[in-house]
1. Region A:10-45 to region B:221-300: how many Å between their Cα centroids?
2. If each residue of separation counts as 0.36 nm, what is the full-extension length gain between A:Asp278 and A:Ser296 once their alpha-carbon separation is subtracted?
3. Considering only the label points, 7 Å along Cα→Cβ from Cα, what distances in nm to one decimal separate B:Ala74 from the same position in each other copy, shortest first?
4. Over 23 Å between C-alpha atoms is what I'm after, so list which of A:Lys6/A:Lys141; B:Lys146/B:Lys166; A:Lys73/A:Lys244; A:Lys157/B:Lys166; A:Lys70/A:Lys169; A:Lys157/A:Lys226 land there.
5. Mind checking the mean number of beta-carbon atoms from other chains within 10 Å of the Cβ atoms in B:268-276?
6. Under 19 Å from the Cα of B:Lys4, which aspartates and glutamates turn up, not counting those fewer than eight places away in the same chain?
7. Among the trypsin sites (Lys or Arg not before Pro) in region B:194-232, which ones are in a DSSP loop with at most 15 other Cβ atoms within 10 Å of the Cβ? Mind listing them?
8. Under a GNM of chain B (C-alpha, springs under 10 Å), which listed residue has the highest mean-square fluctuation: B:Asn24, B:Asn268, B:Asn95?
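Only the coordinates and a few stated rules stand behind these numbers; no lab work does. For clarity, every value in this text was computed on a predicted model and none was experimentally measured. So basically every Cβ, Gly included, is an ideal-geometry build from the backbone, and we count neighbours across all protein chains shown.
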2 protein chains.
Amino acid sequence: MLTKEKIAEAFKALQDNICEQLENVDGAKFHQDLWERPGGGGGRTRIIRGKHIEKGGVNFSAVEGALPDKISKAIGIDGGQFFATGVSIVLHPVNPLVPIIHMNVRYFEMDNGVWWFGGGIDLTPHYIVPDEARFFHSMLKQTCDKHQAEYYPKFKKWADDYFYIKHRKETRGIGGIFFDRLSSNDGFTKTQRFDYVLDVGNTFCPIYLKLLTDNMDKPFSETQKKWQHIRRGRYVEFNLVWDKGTKFGLDTDGRTESILMSLPAIANWEYNHQPEPDSEEAFTLEHLVKDMDWLSYNPE
Amino acid sequence: MLTKEKIAEAFKALQDNICEQLENVDGAKFHQDLWERPGGGGGRTRIIRGKHIEKGGVNFSAVEGALPDKISKAIGIDGGQFFATGVSIVLHPVNPLVPIIHMNVRYFEMDNGVWWFGGGIDLTPHYIVPDEARFFHSMLKQTCDKHQAEYYPKFKKWADDYFYIKHRKETRGIGGIFFDRLSSNDGFTKTQRFDYVLDVGNTFCPIYLKLLTDNMDKPFSETQKKWQHIRRGRYVEFNLVWDKGTKFGLDTDGRTESILMSLPAIANWEYNHQPEPDSEEAFTLEHLVKDMDWLSYNPE
């Protein structure tokens, strides 16, 4: 039987595996903080300040207890005991030619038997490279297609809608997949949903290690580093203004330092910054829009 | 008669006066963008990137039209034509020994005769200096006391409660005054409220020019600059997560670049940053709490 303990163990193993692979490439080691939640449960926050990863977090948590009022309202469940576990990753690379990546897999259950999975992976290149965008989306599609033909198109659209910086009228990056409340609806078993979510988690390394190793040693200019800092400003804006997970965590007295590991080491804001016409920066900005079909996109 | 046009003209003149005085000290000039609001009205956004002010905005706006639904809900007024005008300032200095300052004065009215004023000034020192905190609060008290004995204690408390970074359990800085919905309640006339609000606006320069000129040429270390960037990260967190004005503006399709002029040129986030025990940074952090009586505070 697929218990919550088994799911949490699998997520822990996923965290271990991802950290090990990232350490092998970067050379630096993660710093780990173990923490406990006053109401029950806790986590392992792991932070890296590396040679290639300027700042990154790979966090695991498994928390439980009486369902807090605010969460109860937000998810429309009337009290009881909850359990929630997940892995959350955000990596901000040194080299602006390497994209920022975010991944999350999570499981939630109530003592009355209600349960669901959620998660996703999305990519925020400082410079959009169509070949890399195609690689990224095809990897996600491949993982999704192994489980359900509808997963990729549905969750790709969900990511476009979710990772949207409304006040900039820009997407955060080139999207990816996002899903929530995957349960026994549509005839799925818990094991089938879990297998899918774990497969998503296991797609993280093949995707990011390629994008990282392909680009991390490329030379870059001051202009490119500056642009990276401005794009990171947008990342901060999304996370603090629009990201439901972040707001929710901060609002329900979550562990602030673990939640805000997603913020970059350095970000810039410049009043009314506009990239040069026909520049690579302008190309990127023009393509930060919803509903791009990156699998078949050809800029020619 | 005190019309909305007169109030807007006075706010414009306040903006002009403050910009001129800041330019005289800094040496740099403000860049001005005139903008129009699609639904009616517009503004003058003025941004400075100076020798002493690393990034700052002194904005005026006067907007009008049909009351947008979201605003209608938020303020509990059922439709109609609105008019809103105000001046908003945020200055991020180069020298970490100079504090960040924020000021806002604003007026709102509906075509059914409802009107009110709001505003405030608050100070965010990167390094708290008790003498400067006393100077700042005594200037505010003096301005308030000219109008109403209750203003200072009431609005000082309001600022403590408003400029609070809940997820950090820190105040943004040493507070100041904050007020909203000052209307004909408590027997005040519109002219009396207006005189007070304008006096608050006119207190900005005597306060900030002193804090700026006293400190802007002092030498500072890399450590102090680094700490400034971390404190700016907190400023960003407050503005994007908790500031009602910012959230509201972004949510109701306000002019993003004018709203986000409050963000610093550079901000840093470091995982779980803790100042050295007994350092000036630790002293500052320990004093970022509500209900400090800065007028009589003595650290000895």
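1. Between the Cα centres of region A:10-45 and region B:221-300 lies a distance of 29 Å.
2. Length gained, A:Asp278 through A:Ser296: 4.2 nm.
3. 2.1
4. Pairs exceeding 23 Å: A:Lys6/A:Lys141; B:Lys146/B:Lys166; A:Lys157/B:Lys166; A:Lys70/A:Lys169; A:Lys157/A:Lys226.
5. That average works out to 6.
6. B:Asp16, B:Glu36, B:Glu64, B:Glu109, B:Asp111, B:Asp180, B:Asp195, B:Asp199
7. Loop-located and lightly packed - none at all.
8. B:Asn24
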